Structure formats: C-alpha cells, structure tokens
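Worksheet for the structure shown next.
The values are calculated or read from the model by the stated rules, or taken from the named source; none is laboratory data. Everything numeric here is computed off the predicted structure, so don't read it as measured data. Cβ placement follows ideal geometry from the backbone for every residue including glycine, while neighbour counts extend to all protein chains displayed.
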Amino acid sequence: MRGRMLVSDQDTEADRMDRMYEWLGVVCDEFDIDRELLDAVVPQLLDLTRDVAHGPSRPAAPMTAFLLGIAATRGERATDGTVAAETDTAALARRVLAGATRLQEMIAKEY
C-alpha cells in the first residue's frame with residue numbers, strides 16, 4: 001500500500017484523486033467509518049477547503065474541516081432545546097454539507 005501512495009511529479013489530477021480516495025478508504029476502515037458518508041461529502045468539502053485556503057488562511061483549511069466535523073456530530077436542536085439523537089449517515093452528511101455551505105457563503109462575502 002505505502003509504495004502505491006507515494007506522490008510523483010508525473011501524477012495526473014486523476015492519479016491524485018485516486019490516491020486520495022484510496023487513502024480515505026484506509027482511514028475509514030481504520031476508524032470504522034461508513035464509506036458512504038465520505039462519498040456523500042467529498043466534493044463540497046474539497047471545495048470548502050480550497051475556498052478557505054485561498055481566502056482566510058491556507059493553514060486554516062484542514063482545521064476548518066475538523067471543526068465542521070465536530071459541529072456536525074452535535075446534532076440539531078429540537079424545538080424544546082434538546083439535541084436530536086439522529087446519527088444516521090444521511091443526516092450526518094446533510095449537517096456537514098449545510099455547515100460547508102454556510103462557511104463557503106461567509107468566505108464569498110468576506111474574502
């Protein structure tokens with residue numbers, strides 16, 4: 001595995017994306033994360049980290065993704081103030097994407 005994942009100057013964008021998905025699959029397996037969740041959010045999260053890196057701060061891009069993940073796991077507040085216990089893959093993906101959209105809109109306005 002390791003040798004196949006080394007970066008080369010001759011890599012195409014498709015090679016880099018293939019390697020990214022291969023690596024993320026390894027991480028999903030390591031932490032028992034449903035790959036379906038990852039596949040649902042990759043395009044928008046890549047866009048978000050690009051926008052952060054070219055807007056507010058390059059080093060803030062991975063940290064923003066980290067904080068977005070934490071926010072998504074908190075769930076949504078019910079009308080009575082309690083936190084909904086919704087933890088299924090689709091709901092988590094929707095929360096990540098909603099947060100990513102909100103951050104991208106903020107970046108578009110301010111940077």
Worksheet item: Of (1) at pLDDT below 85; (2) in a helix (DSSP H, G or I), residue 105 satisfies all except one. Which?
Response: (1)
Worksheet item: Does residue 61 satisfy being modelled with pLDDT of 90 or more, in a helix (DSSP H, G or I) and under 30 Å from residue 111 (Cα atoms)?
Response: yes
Practice prompt. Report whether or not residue 85 is exposed (fewer than 10 other Cβ atoms within 10 Å of the Cβ), modelled with pLDDT of 85 or more and more than 30 Å from residue 109 (Cα to Cα).
Written response: no
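Only residues that are of a type in the set (A, V, I, L, M) and outside any helix (DSSP H, G or I): list them for region 5-43, please. Steps first, answer last, please.
Going through region 5-43, the residues of a type in the set (A, V, I, L, M) turn out to be 5-7, 14, 17, 20, 24, 26-27, 33, 37-38, 40-42.
6, 7, 33, listed by residue number.
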Worksheet item: Of all residues in region 19-46, how many are more than 17 Å from residue 93 (Cα to Cα), of a type in the set (A, V, I, L, M) and surrounded by 13 or more Cβ atoms within 10 Å (Cβ to Cβ)?
Response: 1
